[in-house]
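*Asks:* What follows is a structure written as structure tokens; I'll ask about it next.
Nothing in this text is a laboratory measurement; each read-out follows from the coordinates by a stated rule. Please read these numbers as outputs of a predicted model, since none were measured by experiment. Cβ sites come from the backbone with ideal geometry, for glycine too, and all protein chains shown count toward neighbours.
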Amino acid sequence: MAKKDKLHCSIGVIVYNEADNISKLLDALLNQKLEKTIIDEIIVVSSACTDGTDDIVRKYCDNHPQIKLITEPERKGKSSAINKFIANAKSEILIIESGDTIPAEDTVEKFVIPFFDEKIGMTGGRPLPENNPRTFIGYSVNLLWNLHHKMALISPKLGEMVAFRKIFDKIPEKSAVDEASIEAIIKAA
């Protein structure tokens, strides 16, 4: 079998009332620096948003055919939204992005490149808060994520944004921790 020189991925953005952030997030995804990765589609799954998130995403859909919007009329939980993304995604590698984060310009590439090794089933990254660590809240947020990172170095804890091979059809609907469910399914495969 010939070795692939580029890998394709689908990105699922899971949102609930992210009108303040969704434009920045979609712009960041559209402007990723990619050499060995092709983003086939960006699927936004909106769970009963009431703040105008859907209208903003629809405008992006009009100008960017790779962006698609799936709306859930009622909130059924993040697992339900992830399952809608998995069912509609066409690529072999899937990325789930939380609606309240902004990836760096090389994040997608860094998440996808490890999949050239067929033994890799899942990748994740570390969130870097933008809060000013010189304020009380900023210090607290940075401390929380730094501790999270130190714990993850001992026992990996993926979240906020993960990539995985599409080797399953769905995660348990009652899952409280979707990334942990995905990790368990990947390990069992």
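*Asks:* Find how much the distance from Arg75 to Leu147 grows on full extension, using 0.36 nm per residue of separation minus their present alpha carbon separation; answer in nm with one decimal.
*Replies:* Stretched out fully, the Arg75 to Leu147 stretch lengthens by 22.8 nm.
*Asks:* Also: Quick one: Val108, Val44, fewest Cβ neighbours within 10 Å first, how do they rank?
*Replies:* Values: Val108 25, Val44 31.
Fewest to most other Cβ atoms nearby, the residues stand as Val108, Val44.
*Asks:* Also, quick follow-up: Rounded to the nearest 5, what % of the DSSP beta bridges within the chain are antiparallel ones?
*Replies:* Numbers: 8 of 29 bridges.
Expressed as a percentage, antiparallel bridges in the chain total about 30.
*Asks:* For the chain, what are the DSSP H helices with axial Cα length of 20 Å or more and mean Kyte-Doolittle hydropathy of at least 0.5?
*Replies:* Values: long enough: 136-154 (28 Å, 0.75).
Going by DSSP H runs, the hits are 136-154.
*Asks:* Here is a further query. What does the convex hull of the Cα atoms come to per residue for the chain, in Å³?
*Replies:* Details: hull volume 25.0 nm³, N = 189.
Each residue corresponds to 133 Å³ of Cα convex hull volume.
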